[in-house]
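Structure, as structure tokens:
The values are calculated or read from the model by the stated rules, or taken from the named source; none is laboratory data. What you see is a predicted model; the values in this text were computed from it and never measured. Glycine also receives a Cβ, built like all others from the backbone with ideal geometry; neighbour counts cover every protein chain displayed.
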Amino acid sequence: MFGRSKELCALEEFPGHAVVIGSSGAIGSAFVKALLERNDTISLHAVARTDVAADATHAVHHKADFRDEALLQAVAEQIAADGPVDMVLIATGLLHDELVRPEKALRDISAEALERLYFANTIIPALALKHFGPLLRREGRAVFAALSARVGSIGDNRLGGWYGYRASKAALNMIIRTASIELARRNPQSVVVGLHPGTVDSKLSKPFQAAVKPGGLFSADHAAGRLLDVIEGLTPEDTGRCFAWDGRRIPA
Ligand SMILES: NC(=O)c1ccc[n+]([C@@H]2O[C@H](COP(=O)([O-])OP(=O)(O)OC[C@H]3O[C@@H](n4cnc5c(N)ncnc54)[C@H](OP(=O)(O)O)[C@@H]3O)[C@@H](O)[C@H]2O)c1
């Protein structure tokens, strides 16, 4: 398909075969762009709930309703046809939408908002681990990284507020930790981590950007590049943990 065998590509460049879930988002689409720039022979699958406009690259775009597991499995089977996967990146997530406002106090908690936040921030990555985790190669380096957030750290929570977002990211961190143990039994070289991208210019951060200190707002391209550099430096000893854009570990 790309002139060279997939196995040869994987030996030459990492990742030779990658999946980005949430490719319609600011950081997700920047991941797709950066991966293609770093390796022009990469086999790259991009998954989003909306149609992503066709582009001039050879990335394969899949539209998937994340509530439809049969569809997710069908997408996973199409990706598996390209051989074992080196890297899965999850860039889906929600902080606010038409029904969700980050809570300032206990009185703001709503079951509906909590459900939406848990679905986007915890359940989608968990389903991605279920359906795409088994595609990761069984030998050698294999990375599964999901965008979490520093505010999901229980140890780092000094400000309070944002109950649903914090709790859904803390739950994501537990899913990551638990899956890292299972996937290490399958492949001791695997690395399963959460990543904090910094404060990034996107739909998600827009209402909160006024509070960001000058120079503290990253472009999505910058954040994606920094996170791919962080991933490059991770080893199997780092699996199950959460890391920020500067490579520093975030406490659980
Ligand atoms: N931006 C920041 O400052 C910041 C800071 C810390 C952590 N993060 C994390 O980084 C990740 C990416 O954020 P971003 O800034 O790139 O935000 P974004 O541009 O709003 O992208 C969010 C992505 O998640 C998808 N998504 C949201 N809810 C979904 C649902 N229910 N079902 C399926 N897909 C859903 C969106 O799909 P649609 O395009 O279809 O809406 C989009 O692809 C998130 O996990 C976020 O928590 C961001």
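Observations
- Some residue of segment 190-206 being loosely packed, with under 15 Cβ neighbours inside 10 Å, among the hydrophobic types (A, V, I, L, M, F, W, C) and within 11 Å of the ligand (Cβ to nearest atom): no
- Filter result for A184 (in contact with a His (Cβ under 9 Å, 6 or more places away or on another chain), touching a residue at least 24 places away in the same chain (Cβ under 8 Å) and not aromatic (F, W, Y)): no
- Residue ranges of strands (runs of 3 or more DSSP E) in segment 5-88 with at least 3 members of a type in the set (A, V, I, L, M, F, W, C), within 16 Å of the ligand (Cβ to nearest atom) and at pLDDT 95 or above: 17-21, 43-48
- For segment 134-152, a residue qualifies if it is surrounded by 20 or more Cβ atoms within 10 Å (Cβ to Cβ) and among the small types (G, A, S), and the qualifying residues are A142, A145, A146, S148, A149, G152.
- I154 being hydrophobic (A, V, I, L, M, F, W, C) and farther than 21 Å from I21 by Cβ: yes
- Answer residue from segment 140-188, given it is charged (D, E, K, R) and closer than 25 Å to L72 by Cβ and is nearest to the ligand (Cβ to nearest atom) among those: K169
- Being within 16 Å of the chain's Cα centre (by Cα), of a type outside the set (A, V, I, L, M, F, W, C) and at pLDDT 95 or above is a property that does not hold for G161.
- The number of residues in segment 35-58 being within 21 Å of P125 (Cα to Cα) and either within 14 Å of the chain's Cα centre (by Cα) or among the aliphatic types (A, V, I, L, M) (or both) comes to 7.
- Selection within segment 170-207 - farther than 23 Å from L136 by Cα and part of a helix (DSSP H, G or I): A170, K206, P207
- Close pairs from segment 97-126: first in contact (Cβ under 8 Å) with a residue 60 or more places away in the chain, partner surrounded by fewer than 17 Cβ atoms within 10 Å (Cβ to Cβ), Cβ under 6 Å, at least 6 apart: E103/I109
- Residue match in segment 81-96 (condition: touching a helix residue (DSSP H, G or I) at 6+ places or on another chain (Cβ under 6 Å), without any contact (Cβ under 8 Å) to a residue 60 or more places away in the chain and not aromatic (F, W, Y)): no
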